[in-house]
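Down below is the structure, laid out as structure tokens.
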Amino acid sequence: DMAIFKDHTINVKQLLGFIPEALITNLSVTTRIDHYAKVLHGNKLFYLLLYGILDNEKLSQRTLEDTFNDSVFKILFNLDEDETVRRSSISERLSKVDPAYFKQIYECIYEQFAELYALTERKKYNLIRVDSSMVSETTSKLLEGIDNKSGKKAVKYSIAFDGVLPCHSNVFTKPTYGSEDIALPEAIMEHVKKEGDHQNIYVMDRGLQSTKTMQAFSAGQVTFICRAKENRKFVELGSLVTEGQDTDLGESKLIRDCKVQLYKGTPVNNKQGNQHYRHELTDGHFRLIVVESKTEEGKEYWFLTNDFEHSPKEIAQAYRRRWDIEVFFRFLKQELNVSHLVSLNKNGIQVILYMTLIVAMMVLMYKKANNIGYKTAKRRFAMEVRNLAIALIVVQCGGDPGLFFKT
């Protein structure tokens, strides 16, 4: 047992055991990932990225080259000491390798970790928070990307988070996905297809405003809660507030809870051929909940949902729990350096995102099991991986790692 942190209930060796060796080997055949590779076979690239993300403050193709050629890395993952790789080979491999290989490993590891939650916890985590983050490339060498406000091209990561782990992800580079009204529904509907018979409630911020999308969600029996723009146009069909109802929601007070019809913009061409939008009332009903914050005087929050079952307090609290995904994005950016693009083509960007999410899941499970913070979990996880490597070196040299680690 290599764990040097005595109070930990799960260690790195156990977590690395969740990496499905058989799947990695089998996928190497079924995805033809190694068809043209001489040295950087799929499994080696997988372990290189896994170790590289953990071991480097700022991952780059150059640091990956140094990592692969490092004796410690080779001993840890049982590679031949004579094998070497150059930065240009890593760059080319990332641009051509099949991202599906890494996506399937990510989904397999997610499923295994998700099964570790207690059943009561799984029930608690049927709130799926969905959000996006834009990552710009300072050198403007990105071949395909979304134009951002600064004139640089950017990549959009849209992620669904179940409260413990990232359960779905998309990489968007086409300009149309600059709009959250296009990116978020696609991410959600892909997750819905994967989940099948789910009871999920998808929670979003103000990125989603399209009435047409909300109608599509209702038609597809997808329950959603999103924050609406204040003073949005609607027609009230009836109040859902009952006489004597408690309007104290904890952090806020209830101002309004009603059934509404929303307007949607229908594109119309005028005689000159110019397009404008005519606002029309839609079929179908939604629920509008308006609350006033107790801490921010006069600050109102408007929520739109197709959920007529939960109380206004439960709806408001579900939106508050959306903050979890903001914290997760901050962790990805600050601790796992996802704001820096290691590859500049969509293929490589997808591979790096899946690998970053795999490392993130391991660190999050480690954090959860050992009841520690994000930063501590990342630091201790990396330390345990290093200690595992040292122990293997000691064993190879004919020594007793127990003497070295006093465990």
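Taking 22 Å as the straight-line reach from the Cα of residue 153, the lysines in range (excluding those fewer than 8 positions away in the same chain) are 58, 96, 141, 174, 333, 346.
The C-alpha atoms of the chain define a longest principal axis, and helix 87-96 lies at about 40 degrees to it. Proximity of backbone amide H atoms, modeled 1.01 Å from N, is registered between residue 285 and no other residue at under 5 Å, excluding neighbours fewer than 5 places apart on the same chain. The sum of -39500 (n - 2.57) across all DSSP H runs of n ≥ 4, divided by the residue count of the chain, sets its helix-only mean residue ellipticity at 222 nm to -13000 deg cm²/dmol.
Once backbone amide H atoms are built at 1.01 Å from N, residue 154 has 146, 147, 148 as its partners under 5 Å, excluding neighbours fewer than 5 places away on the same chain.
Ranked highest first by average number of other Cβ atoms within 10 Å, how do 380-391, 347-358, 81-92 line up?
Working: 380-391: 19.2, 347-358: 23.1, 81-92: 14.4.
Packing order, densest peptide first, comes out as 347-358, 380-391, 81-92.
The angle separating the long axis of helix 99-114 from the principal Cα axis of greatest extent in the chain is about 80 degrees.
For segment 277-368, report the convex hull volume of the alpha-carbon atoms normalised per residue, in Å³, without decimals. Kindly include the intermediate steps, with their values, before the conclusion.
Values: hull volume 21.5 nm³, N = 92.
Looking at segment 277-368, the number lands at 234 Å³ per residue.
Mark the label point 7 Å from the Cα of residue 62 along Cα→Cβ and return the residues of segment 83-110 whose backbone N is within less than 12 Å of it. 87, by backbone N distance to the label point.
Computed from backbone phi, the HN-Hα couplings of segment 358-374 come to 5, 4, 4, 4, 5, 5, 5, 5, 4, 4, 5, 5, 9, 6, 10, x, 4 Hz, rounded to whole numbers (Karplus: 6.51 cos²θ - 1.76 cosθ + 1.60, θ = phi - 60°; Gly and Pro given as x). Here, segment 156-249 is characterised by an Rg to Rh ratio of 1.03, where Rg is the alpha-carbon radius of gyration and Rh the Kirkwood radius. Listed by chain and number, the lysines placed with their C-alpha closer than 18 angstrom to that of residue 13 are 74, 367, 368, 378, 406; residues fewer than eight positions away on the same chain are left out. On a per residue basis, the chain carries 50 Å² of accessible surface, using protein heavy atoms and a 1.4 Å probe. Note: relative contact order over the chain, using C-alpha pairs below 8 Å and six or more positions apart, is 20 percent.
If you take every residue apart from residue 313 with its C-beta less than 12 Å away from the C-beta of residue 313, what net charge results, scoring Lys and Arg +1 and Asp and Glu -1? Every neighbour counted, the sum reads -3. Enter the Cα centre distance for the pair segment 157-198 and segment 334-379, rounded to the nearest angstrom. Here the answer is 18 Å between Cα centres. Counting pairwise Cα distances across the chain, what percent come out greater than 41 angstrom? The answer is 25 percent, as a whole percent.
When 116, 79, 208 are compared by accessible surface with a 1.4 Å probe, the order from highest to lowest is 116, 79, 208. Under the combined filter of DSSP loop state and at most 15 neighbouring Cβ atoms within 10 Å, segment 214-290 retains these GluC sites (Glu not before Pro): 230, 243, 251.
Measuring nothing but protein heavy atoms, the accessible surface of segment 182-225 at 1.4 Å probe radius is 47 percent carbon and sulfur.
Under the convention that each Lys and Arg Cβ holds +1 and each Asp and Glu Cβ holds -1, the size of the dipole of the chain around its Cα centre is about 940 debye. With respect to the chain, whose longest principal axis is taken over its alpha-carbon atoms, helix 323-334 is tilted by about 40°. Between the amide H of residue 247 and any residue lying 5 or more places away or on another chain, no distance stays under 5 Å, with hydrogens modeled in the peptide plane.
The values are calculated or read from the model by the stated rules, or taken from the named source; none is laboratory data. What you see is a predicted model; the values in this text were computed from it and never measured. Note that we place each Cβ from the backbone using ideal geometry, even for glycine, and neighbour counts take in every protein chain shown. For accessibility, only protein heavy atoms count, side chains too; no ligands or nucleic acids. Shrake-Rupley method; radii C 1.70, N 1.55, O 1.52, S 1.80 Å.
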